[in-house]
1. So in region 252-306, with the set limited to residues that are modelled with pLDDT under 80 and among the small types (Gly, Ala, Ser), which one is surrounded by the most Cβ atoms within 10 Å (Cβ to Cβ)?
2. If residue 100 meets every condition in (1) in contact (Cβ under 8 Å) with a residue 24 or more places away in the chain; (2) closer than 30 Å to residue 242 by Cβ apart from one, which number is that one?
3. Quick check on my filter: what residues within region 33-58 are of a type outside the set (Val, Ile, Thr), free of Cβ contacts under 8 Å to residues at least 60 places away in the same chain and part of a strand (DSSP E or B)?
4. Please determine, by comparing only the residues of region 20-58 that are within 15 Å of residue 9 (Cβ to Cβ) and among the charged types (D, E, K, R), which one is surrounded by the fewest Cβ atoms within 10 Å (Cβ to Cβ).
5. Every residue in region 217-251 that is part of a helix (DSSP H, G or I), charged (D, E, K, R) and surrounded by 14 or more Cβ atoms within 10 Å (Cβ to Cβ), please.
6. Taking region 208-230, which residues are at pLDDT 95 or above and either out of contact with any Leu (no Cβ under 6 Å at 6 or more places or on another chain) or β-branched (Val, Ile, Thr) (or both)?
7. Taking only pairs six or more apart or across chains, which ones have beta-carbon atoms under 7 Å, a first residue in region 59-82 that is over 15 Å from residue 22 (Cα atoms), and a second residue that is charged (D, E, K, R) and at pLDDT 85 or above?
8. Within region 59-73, can you find the residues that are loosely packed, with under 13 Cβ neighbours inside 10 Å and modelled with pLDDT of 85 or more?
Amino acid sequence: MEEIYLELFSTEENEFLAPIETLVVLFTMKYCDSRLKITFILTKQSHGVNSYPINLENFSHQILSDEIPENADTCQLPNLKLNSMSLVAGLCACLRQIIKLSIAECPDHFCRNLLGFKTSSLLAPSESSPWTRFCEVELISTLRTHVTSPEIPETIARFEVHMSQPLRLHNIYKYTMSKKFSRDGTVTQDRIVPEHLYAEGSFMTLADTIIFLCINVYLRFFTNPRVLDLIPLTAKWYNKLMTDKHLSRCLSFITLQSTSPLNIDYFLPDVPNQSLYKSDAKRYRPKNKIYTKQEDVENSLEIIKNTGIDLGMSKRPLGNTEYGMTHDVEVLSDEYNELESK
């Protein structure tokens, strides 16, 4: 049976606190009406990491603190066990799998639309997609650490700019010239490109649910609704999602709403007028690019070595047959020289 492992903190009052990643997963599961088995792993809260109070009464779950399953301890939480041989790791990958499992049980469930066009919403890994990196890493990191400055987080400011960019839509010319999408049923050559109604276009996707929850948490725990006056496009999008009955009911498990003083003057940081899409010429280019580091490779090899797993590799793969690279290099060099002379 499929099972998802989530991180959970505990307090002296036996109240449960969770990191932002756990909130995102629980929110998505409630939206999808998922019956996936939940196992919370009690961990020690790291210094500087935010925690949020949650109500677990409406979730069927178990909590482990001592005997942690190997699957839960192998990869960073959250991760999802499909079977004894398959494990899904990574926030967006887990969320997509939750949606797919819900669709498998109920093919007509409305959560199907969260996967987006060609079921590709947040499919690309964060290492190659600025959009996935924004939703899975950068925005999540904003809510993981303490937000005390009156400056609105840069990630939210960048999302405001993103909502002002031209809509990225498959076959957009056909869309703008179609009578189906015309208010009066007529078609003209000067049809205006539709604006962003949702994060990825004209339809709500998984990206909307992630960003919506993060902004909701930011407004409830770190600031007050006045900040929406500084980000009008984000506010319009946020208020539209708040009217969605399926989304609004999913917020009930987050408890203890706190407020900030109303006399704080919030301000918006300056961010480049860039798109968050990789295929856009004006795409956002992060300064700290991700590359494979030799140190990471060596650490991975050391982990494999320490496990004691027999990889079946032999120092003499050809048995008693002698094999020398020097001879082959000389032969290839001679053949290359002959080709050069011709």
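The values are calculated or read from the model by the stated rules, or taken from the named source; none is laboratory data. As the structure is a prediction and not an experimental result, all values here were calculated from the model. All Cβ positions, even for glycine, are placed from backbone atoms using ideal geometry, and neighbour counts span all protein chains on display.
1. Going through the qualifying residues, I end up with 275.
2. All conditions pass for residue 100, except number (1).
3. Matches in region 33-58: 37, 40, 42.
4. 44
5. Result: 220, 236, 240.
6. Residues satisfying the conditions are 208, 209, 210, 211, 213.
7. 71/81; 81/2; 81/3; 82/2
8. 60, 62 - these are the residues of region 59-73 that are loosely packed, with under 13 Cβ neighbours inside 10 Å and modelled with pLDDT of 85 or more.
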